[in-house]
1. Students often check this: by mean Cβ neighbours within 10 Å, which of 76-84, 107-115 ranks highest, and how do the rest follow?
2. If you rank I69, I95 by fewest surrounding Cβ atoms within 10 Å, what's the result?
3. Hey, any idea what Rg/Rh is for the range 52-139, computing Rh the Kirkwood way over Cα pairs?
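What follows is calculated from the coordinates using simple rules that are stated; it is not laboratory data. Please read all numbers here as calculations on a predicted model, not as lab measurements. Every residue, glycine as well, gets a Cβ built from its backbone with ideal geometry; the counts of neighbours run over all protein chains shown.
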Amino acid sequence: MAGGTSRRGIISEINVTPLVDVVLVLLIIFMVVTEVIHETERPEVIEMNLPTAASGEAASAEQPFTLSIAADGKLSVNGESVEREDVEERLKRAIEERGKDLEVMVAADAEAPHKRFVSLLDLLRNNGVTRISIETLPAEAAPPTESK
């Protein structure tokens, strides 16, 4: 039958274009949600302008107990802001958990008060800590300094 009705066969192909659209939209949604969740879980960040050093060694793979001193003298332990009185309590707790061979990393802003830095070192030594590292930036990674 030349002019009659033709039989339509069963469509055996899947149109993947709508599927790709849905997958891309879901991917974008997951990326945005993950970033929002990550932002809410991020601990308080303290801006640090670390001093530079031409010599130095890479930090060990072990997670050290980190003490930070901001330019305004504020202290933080492992990224969490604390008062001066709480530093010793947390240090003693860390020594109990990890032992006397506790490694402590001190990160002091280049503009931090020297007195605060020295008092932290004194606190560490008085509590028996002997493995103390001072965090610096490599000399080639240093930001350009301003001329005064």
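1. Numbers: 76-84: 14.4, 107-115: 16.3.
For the peptides 76-84, 107-115, the packing ranking is 107-115, 76-84.
2. Values: I69 23, I95 17.
Lowest count first: I95, I69.
3. Details: Rg = 12.6 Å, Rh = 13.3 Å.
Rg/Rh: 0.94.
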